[in-house]
Amino acid sequence: MIHVIATIPVQAGKGEEFEGIFNELGAQVRANEPGCQRYEFCKSLDRPDHYVVVELYADQESFDAHGKTEYFRAAGKKFGGLMAGAPDIQIVVQD
């Protein structure tokens, strides 16, 4: 299994827009990617403009396929204009 934990800083006042785009993306992931077992975000309590995205993939193939989808690439372009800095992405493997 492959876990992804991404902390994403979002520009002040852009959180609602970020959440809308992510919710739309998440619905597409859940509908089209059976190898993705978890795909959600949480909002930080101590840093209100930071989000933590949690993803879980069954295997490397599922993880790789996710990054190649058209809807993921389209959402990435939208997210770019909302971020307040580079995301901190951790990818860990569970055997």
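Readers should treat all values here as calculations from the given coordinates under stated rules, not as data from a laboratory. If you're wondering where the values come from, they're calculated on a predicted model, not measured in any experiment. Here Cβ is always computed from backbone atoms with ideal geometry, including for glycine, and neighbour counts include all displayed protein chains.
General remarks:
- Normalised by 2.2 N^0.38 Å, where N is the number of residues, the C-alpha radius of gyration of the chain stands at 1.05.
- Label point at ASN23 placed 7 Å out along Cα→Cβ; residues across region 57-80 whose backbone nitrogen lies under 20 Å: 71-72, 74-80
- Length added when fully stretched, ILE91-LYS78, from 0.36 nm per residue minus Cα-Cα: 2.4 nm
- Projecting the Cα atoms of PRO34, VAL53, VAL4 onto the dipole axis of the chain, where Lys and Arg carry +1 and Asp and Glu carry -1 at the beta carbon, places VAL53 farthest toward the positive end.
- Helix axis angle, 70-80 relative to the chain longest principal axis, alpha carbon, degrees: 20 degrees
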